[in-house]
Each structure stands twice: as C-alpha cells, then as structure tokens.
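Heads up: the structure comes next, in structure tokens.
The values are calculated or read from the model by the stated rules, or taken from the named source; none is laboratory data. Predicted model only: the values in this text are computed from it and were never measured. Ideal geometry is used to build each Cβ from the backbone, glycine not excepted, and the neighbour counts take in all protein chains shown.
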Amino acid sequence: MSTDNLNEIWDIYDRELNKITEKRRFEKLNKGEFHLVVSAFIYNSQNQILLQKRAMNKLNYPGYWEESVGGSALKGENHIAAIQREIKEELDLDLLVHEENFYMRCIEENWIEDWFVFKTDFQISNLQLQAEEVESVKLFSFEQAILQLKDFGIQTYKR
C-alpha cells in the first residue's frame, strides 16, 4: 500500500507559472495545467553527490534511485519553501535555501520541475531519513552517480 497522500492540495499553474486554480493530488490535470515539483542535488566538498533510493511503498518508481531530495510543492508554497521543506522532511537536514541555489526549470507533460543545487558538508550518518519516502541514501562520485541513475534510476523509464 502506498504512503503517498493523494489528498494533499497543489496549486495549479499555466505554462508561465501563473496560478490558475487548486486541485487535490488525486484529481486529473487538464491539458495546459501544471503542478510545481522541486528537486535538488546535494554534494560535498569532496565532490560526492548524495542520491536517494525511493521507498518501496511509493506510488511512482518504488525502489529506484534518484536525486538527493524532491517532491511536489504544496498549496501556497513557492519553489524555495517547497525545496526547503523537502530537504528537512526527507533528510532532516537544515539547509538555508536561497534563490542562488536555483539551477534550472524543466516543463514536462503536466508538471513544472524546478531544480536546485547545494554544496554543503554533512555527515551521512547524521541524516534522519523519512521512512515513508526514502529507503536509503549513499554518496557517489559524479561519474558514479551518472551511472547509478542511468542503470537504476527513474530515467530508465520511457515517457
């Protein structure tokens, strides 16, 4: 059984990120409607990048490796507030998020994904993983991370 909250409320946007309505997660989005998703890669001064393995009870892509943190913005959250919440929830890591951490925006079929990048030093043993979301985390070199995501990550799925 999935632990995803299908009743959470999302702000719904047009392609230019103008809010047009609100919907619950379980409601179908119409053509031209998008919800905001945030994702981040976190790496350290040894150029090791943190990747997470999704929990097996996730609705989408259970057990797959992906970015350090990520998730959907909730009603009323901008991308800064959403990524800060996701980092705290999934890793129990207190990172101060600034607009300078924003890296790029991708527009997908029915979501707009804002990507962030953080360089910070942390002890992986001090992270408290949100069991409902994250099965495990591991540090990889950039080259190893690319291979891990290619071989065992979400990107292996065709859209």
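Taking the criterion of being touching a Ser or Thr at 6+ places or on another chain (Cβ under 8 Å), under 22 Å from Arg85 (Cβ atoms) and either free of Cβ contacts under 8 Å to residues at least 24 places away in the same chain or exposed (fewer than 13 other Cβ atoms within 10 Å of the Cβ) (or both), the only residue of region 9-58 that qualifies is Ile12.
So in region 58-69, with the set limited to residues that are under 11 Å from the mean Cα position of the chain (by Cα) and in a strand (DSSP E or B), which one is farthest from Asp151 (Cα to Cα)?
Within region 58-69, the match that is farthest from Asp151 (Cα to Cα) is Val69.
Beta carbons closer than 8 Å, at least 6 apart along the sequence or on distinct chains, pair a first residue in region 117-136 that is over 15 Å from Phe41 (Cα atoms) with a second that is of a type in the set (Ser, Thr, Tyr) and part of a strand (DSSP E or B) for Leu129/Ser136.
Yes or no: region 48-57 includes at least one residue that is in a strand (DSSP E or B), of a type outside the set (D, E, K, R) and under 21 Å from Glu8 (Cβ atoms). It would help to see each step written out before you state the result.
As a first pass, look at region 48-57 and keep what is in a strand (DSSP E or B): 48-54.
Now restrict to residues that are of a type outside the set (D, E, K, R): 48-52.
Next, only the ones that are under 21 Å from Glu8 (Cβ atoms) stay: 52.
Yes, region 48-57 contains a residue that is in a strand (DSSP E or B), of a type outside the set (D, E, K, R) and under 21 Å from Glu8 (Cβ atoms).
Filter region 86-103 down to the residues that are touching a helix residue (DSSP H, G or I) at 6+ places or on another chain (Cβ under 9 Å) and surrounded by 15 or more Cβ atoms within 10 Å (Cβ to Cβ), then identify the one that is modelled with the lowest pLDDT. Taking the candidates together, the pick is Leu95.
Selection of region 113-133 for residues being among the hydrophobic types (A, V, I, L, M, F, W, C), more than 19 Å from Val97 (Cβ to Cβ) and outside any loop (DSSP other than H, G, I, E, B) yields only Ile124. Checking each residue in region 75-90 for being in contact with a strand residue (DSSP E or B) (Cβ under 6 Å, 6 or more places away or on another chain) and not small (Gly, Ala, Ser) picks out Lys75, His79, Ile83, Glu86, Ile87, Glu90.
Listed here are the residues, each with its yes/no results for (1) under 20 Å from Asp11 (Cα atoms); (2) of a type outside the set (A, V, I, L, M, F, W, C); (3) surrounded by 13 or more Cβ atoms within 10 Å (Cβ to Cβ); (4) under 15 Å from the mean Cα position of the chain (by Cα).
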{"site": "Gly71", "(1), (2), (3), (4)": "yes, yes, yes, yes"}
{"site": "Gln84", "(1), (2), (3), (4)": "yes, yes, yes, yes"}
{"site": "Arg105", "(1), (2), (3), (4)": "yes, yes, no, yes"}
{"site": "Phe122", "(1), (2), (3), (4)": "no, no, yes, no"}
{"site": "Leu127", "(1), (2), (3), (4)": "no, no, yes, no"}
{"site": "Val137", "(1), (2), (3), (4)": "no, no, yes, yes"}
{"site": "Lys150", "(1), (2), (3), (4)": "no, yes, no, no"}
{"site": "Gly153", "(1), (2), (3), (4)": "no, yes, yes, yes"}
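Take region 111-120 and flag every residue that is over 14 Å from Ala73 (Cβ atoms) and under 17 Å from the mean Cα position of the chain (by Cα). Outline the logic, then answer.
The initial filter retains those residues of region 111-120 that are over 14 Å from Ala73 (Cβ atoms), namely 117-120.
Answer for region 111-120, where residues must be over 14 Å from Ala73 (Cβ atoms) and under 17 Å from the mean Cα position of the chain (by Cα): Val117, Phe118, Lys119.
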